[in-house]
Amino acid sequence: MQLFSKNKTISATEADALLEKYYEGFTSAEEERQLHLFLSQPNLPVQYEADRAMMGYFAGEKQAVKPTKKPVIIPMIRWVSVAAALVGGIFLVKSLMMEQPRCYAYVDGVKVTDVTAVKAEAMQSISEVASGPDEVEQTTKQFKTEQVIKDQLSVFSGN
């Protein structure tokens, strides 16, 4: 008995040989295609129904199991984002733990933390240190200009 396929006519004995070869795992892609065409014929003998069901199952599995495209996340981007999060966390913790500047002064060995008292103490210290407008003039009068010039020239003359 010979059955016809679209491309090539194979006999039932050839189909049996191909099935045996298929189950052993030695068929080529072309032979599997011929076997599939043979088993997909409408007037297939009953002895091949189990083979048709199995080949139909595998054909359905091949179509059903299509690889889904996963979003590609480059590992480098993942590591960079983790590093950025760590650096941000470190700066956040550091800024929270940093002591805020405080205003204080030591007056006679006692720490004063009242802001108004510290400002008053600072202004008093500045007023004591500040010089008047005539202080520079008084300092220059202390120097005798002629004597300074003679001292400087004596260095060059060797006297």
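For this structure, a couple of remarks:
- Looking only at region 31-50, residues that are under 15 Å from Ser11 (Cβ atoms) and open to solvent by less than 80 Å² (accessible area, probe 1.4 Å) come to 10 in all.
- Subset of region 90-119 [assigned to a helix (DSSP H, G or I) and surrounded by 11 or more Cβ atoms within 10 Å (Cβ to Cβ)]: Val115, Ala117, Val118, Lys119
The values are calculated or read from the model by the stated rules, or taken from the named source; none is laboratory data. Remember, it's a predicted structure, so these values are computed and weren't measured experimentally. With ideal geometry, Cβ positions are generated from the backbone for all residues, glycine too; neighbour counts draw on all protein chains shown. Ligands, DNA and RNA are excluded from the accessible area calculation, which covers all protein heavy atoms including side chains. Shrake-Rupley method; radii C 1.70, N 1.55, O 1.52, S 1.80 Å.
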